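Have a look at the structure below, then the notes.
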Amino acid sequence: QKEVEQNSGPLSVPEGAIASLNCTYSDRGSQSFFWYRQYSGKSPELIMFIYSNGDKEDGRFTAQLNKASQYVSLLIRDSQPSDSATYLCAVRYSGGYQKVTFGTGTKLQVIP
Amino acid sequence: DVKVTQSSRYLVKRTGEKVFLECVQDMDHENMFWYRQDPGLGLRLIYFSYDVKMKEKGDIPEGYSVSREKKERFSLILESASTNQTSMYLCASTPTGANTGELFFGEGSRLTVL
């Protein structure tokens with residue numbers, strides 16, 4: 001059973017702080033890693049993807065991947081109340097089709 | 001912009017009814033997916049399709065079937081709805097390619113089975 005695990009939270013951070021979201025996965029054959037943001041009552045939307053070990057930065061967001069330790073993280077700098085949402089980690093496995101498996105999500109609350 | 005349209009936002013059905021959930025995408029994507037989302041369980045893959053008339057079971061296919069007669073349309077069928085199929089159903093699509101993976105989601109269909 002391929003698994004993607006996240007702490008469900010809620011994770012509460014003050015406005016302006018760094019929010020750190022973590023995800024572990026069980027299949028070493030995993031190929032691509034994604035972070036989706038889902039506001040309450042809305043569909044998920046992609047905010048970051050990463051394929052290679054190391055860091056990838058996009059504005060206030062940084063995705064970090066460590067394949068040896070099988071974890072991927074998302075850092076949100078200068079957190080804003082508008083960042084309050086559920087963040088879903090997703091993994092695409094190598095070989096076969098474009099199957100993407102999601103974690104259960106971490107709820108982030110940014111306190112003004 | 002990619003648009004994935006789910007035909008019904010809210011449905012209420014009775015136990016034993018046959019239910020059709022329709023999904024249409026307008027970006028010529030090869031791959032289409034049906035997920036269900038439940039509190040505490042995240043998104044769970046029901047079925048996916050990588051080409052017309054092709055389908056693959058996801059992680060929780062029991063009680064569901066799918067149909068993909070045209071590239072742009074992917075239907076989820078509940079042959080005999082049960083109360084444990086009450087959920088939010090999300091359709092998604094993505095193109096095939098080396099650096100793909102982004103899923104484009106529809107707005108969701110909230111199904112209640114009484």
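Just so it is clear, none of the values below were taken in a lab; they were calculated from the coordinates. Treat the numbers as computed from the prediction; the structure is a model and nothing was measured. Because the Cβ atoms are built from the backbone with ideal geometry, glycine has one as well, and the counts that use them run over all protein chains shown.
Before moving on, here are some points about what is shown:
- Cα Rg, Dmax, the protein assembly as shown, angstrom units: 17.6, 51
- Counting only Cβ charges, +1 for Lys and Arg and -1 for Asp and Glu, the dipole size of chain B around its Cα centre is about 380 debye.
- Its Cα gyration tensor gives region B:25-114 an equivalent ellipsoid; the semi-axes, largest first and in whole Å, are 22, 14, 11.
- The residue list A:19, A:46, A:4 was ranked by how far each Cα lies along the charge dipole of region A:1-90 toward its positive end, using unit charges on Cβ atoms, and A:4 comes out on top.
- Pairs of alpha carbons in region A:3-112 whose separation is greater than 20 Å (percent): 35 percent
- Protection proxy ranking, peptides B:91-97, A:32-38, average beta carbon neighbours within 10 Å, highest first: A:32-38, B:91-97
- Reachable lysines from residue A:67, criterion Cα separation under 21 angstrom, eight or more residues apart if same chain: A:2, A:56, A:99
- Only Lys, Arg, Asp and Glu carry charge here, each on its Cβ (+1 for the first two, -1 for the last two); on that basis the protein assembly as shown has a dipole of about 460 debye about its Cα centre.
- Charge dipole (debye, nearest 20) of region A:38-99; +1 at Cβ of Lys and Arg, -1 at Cβ of Asp and Glu: 260 debye
- Shielding of peptide B:41-53 by partners, expressed as the average count of other chain Cβ atoms within 10 Å per residue Cβ, is 3.
- Cα centroid separation - region A:14-63 against region B:9-56, whole Å: 24 Å
- If you run the Gaussian network model on chain B, springs between alpha carbon atoms under 10 Å, then out of B:76, B:90, B:103 the most flexible one is B:103.
- Averaged over the residues of A:61-74, the number of partner chain Cβ atoms lying within 10 Å of the residue Cβ comes to 0.
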